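The values are calculated or read from the model by the stated rules, or taken from the named source; none is laboratory data. Since the model is a prediction, treat every value here as computed from it, not as a measurement. Note: ideal-geometry Cβ built from the backbone for every residue, glycine included; neighbour counts use all protein chains shown.
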């Protein structure tokens, strides 16, 4: 039960485990960089490189003055052959999505291994990424359906005159719950090679039985991550720290998941 687990201690332990295994950020950087390259490749297949270079030669003040003209000219390339554009975006979008799921699979598996043994190698990351990518895809597809189901009532409230700030607050809570549910489901499907719906059910059960533990660890991660994410707005190059924030989240949540599962097994044996 929750009283056997100190959520704050679990969060601190997760941070320390992450710092000792900082190498797992390396494949995350590589995969995100690959995704960016695919996006750039897709754009270059639609918009001529010389035109993009021409836009890049404008000064910031010139870009502000003619940004409408630039947007219209770029749009003309996208709609010139709509079938070709849609095909390119669909193909490269699918590749980026698969890379994201590969990244998620590697992070989840590495986080479980780190919680179990205290370490995980880059090779382990890629090995498990190849093995569990498809299961991550299935979880996210079901997660989209769950998300629509959870968000629909929030959208319905907007038609009854609810204040916008209240709806935004409620929506953020719903999305946070969904993110935590799917995160625990990912850990479970990898740890036990479980079925899709069993993993979703276990993720839901963990949130219902241990809301305090999940909430505290998430808040600790959020407090650490907020200054880093906010710094992107002040100094955009700091966006390179984004993979660190993501990897930290999975290691902290993976450590909590393992503790909660051990705790539940202990309750059953008693």
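Condition check: in a helix (DSSP H, G or I), surrounded by 13 or more Cβ atoms within 10 Å (Cβ to Cβ) and either over 19 Å from the mean Cα position of the chain (by Cα) or at positive phi (or both). Does residue 201 satisfy that?
So residue 201 passes the test.
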(request) Identify, from the list 122, 177, 151, 190, the residue that is in contact with a helix residue (DSSP H, G or I) (Cβ under 8 Å, 6 or more places away or on another chain) and buried (at least 22 other Cβ atoms within 10 Å of the Cβ). (result) 190
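Can you tell me how many residues in segment 110-130 are in contact (Cβ under 8 Å) with a residue 24 or more places away in the chain, part of a helix (DSSP H, G or I) and more than 18 Å from residue 198 (Cβ to Cβ)?
11
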(request) With the condition kept exactly as written, say whether any residue in segment 157-177 is without any contact (Cβ under 8 Å) to a residue 12 or more places away in the chain, in a helix (DSSP H, G or I) and within 30 Å of residue 124 (Cβ to Cβ). (result) no
(request) Would you mind finding the one in 96, 142, 137 that is touching a helix residue (DSSP H, G or I) at 6+ places or on another chain (Cβ under 7 Å), over 30 Å from residue 260 (Cβ atoms), in a helix (DSSP H, G or I) and at pLDDT 95 or above? (result) 96
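Out of curiosity, is residue 251 buried (at least 16 other Cβ atoms within 10 Å of the Cβ), over 22 Å from residue 99 (Cα atoms), within 18 Å of the chain's Cα centre (by Cα) and modelled with pLDDT of 95 or more?
Criteria not met by residue 251.
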